[in-house]
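Laboratory data are not the source of any read-out in this text; all were calculated from the coordinates shown. Not measured: the values here are computed from a predicted model. With ideal geometry, Cβ positions are generated from the backbone for all residues, glycine too; neighbour counts draw on all protein chains shown.
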Amino acid sequence: MLATPLLVGILASRPAWAHLPLAATWFVGYFAFFATGLWLKARRRPRYWPPVRAYAVGAALAGALTLVMRPDLLRWAPLFVLPLGIGLAASALRDDRSLWSGLTTTAGSALMTPVAYDVGGGTNWPRAWVLAAVLALYFAGTVVYVKTMIRERGEPAFLALSVGFHLAATLAMIWVHPALVAVFALLTLRAAMLPRWPLSPKAVGIGEIFATVVVAVTALLVVH
């Protein structure tokens, strides 16, 4: 969920030197976000503060370098304010593992695709936004699916939500490409069947890596 939107945006346009500090900003910024979430969950205990400070400084330096190379990228910043704020609020409320928090995080992550596309000099903006939407739907489905495999295993209502969401995402792909309809149909089948099997978290994670690659590669090949 962290690397894929960035890579899709790069591959959909072309690699540029500014992608290097952008990637550093993205990854170190995530570490800062994660550390800040732990600090907030811990009711701002001092021992949780040093990682927040270190990662925040690193992200700020990488971000500053990115803006030196591409100052126009600052216009994307407002789009990340709401997902960031909601994610940190969820941590402060000790509700960061909730569905609403996970879905907000996936939406914010998908926004990196058009940003990376912009850095690569892409001009086909409908393509960039469709790619971002495909990834957002896939990762949102993953949030629900993984919960049915681990924290919400055996909960009929959550299973129904997962299958229903995947089915709706599959129908949405009709307006994109038949290949993605097929991929999301398989993801719907996975969402319906695999919760019946006692798979380990490791096995679930490996399956997600494979599914992410399939979704990303298919989208890059068929979305024009």
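Worth a mention:
- Here is the list for the stretch 28-97: trypsin sites (Lys or Arg not before Pro) lying in DSSP coil, each with at most 13 other C-beta atoms within 10 angstrom of its C-beta, are R43, R44, R94, R97.
- Student exercise, the stretch 1-123 dipole from Lys, Arg, Asp, Glu Cβ charges, in Debye to nearest 20: 540
- Mean shadow area of the stretch 124-224, taken as a quarter of the surface of its Cα convex hull (nm²): 5.8
- Helix-only CD estimate at 222 nm, as mean residue ellipticity for the chain, using -39500 (n - 2.57) per DSSP H run (n ≥ 4): -25500 deg cm²/dmol
- Expressed as a fraction of 2.2 N^0.38 Å, the C-alpha radius of gyration for the chain is 1.06.
- Ranking V115, F31, T4 by how far each Cα lies toward the positive end of the dipole of the stretch 1-123 (charges on Cβ) leaves F31 at the top.
- Residue order, fewest to most beta carbons within 10 Å, for H177, H224, H166, H19: H224, H177, H19, H166
- Under the convention that each Lys and Arg Cβ holds +1 and each Asp and Glu Cβ holds -1, the size of the dipole of the chain around its Cα centre is about 680 debye.
- Per the Debye formula on identical point scatterers at the alpha carbon atoms of the stretch 1-123, with no solvent, log10 I(q)/I(0) at q = 0.20, 0.22 Å⁻¹ is -1.12, -1.26.
- The stretch 21-64 gives an Rg/Rh value of 1.03, both radii derived from C-alpha positions and Rh following Kirkwood.
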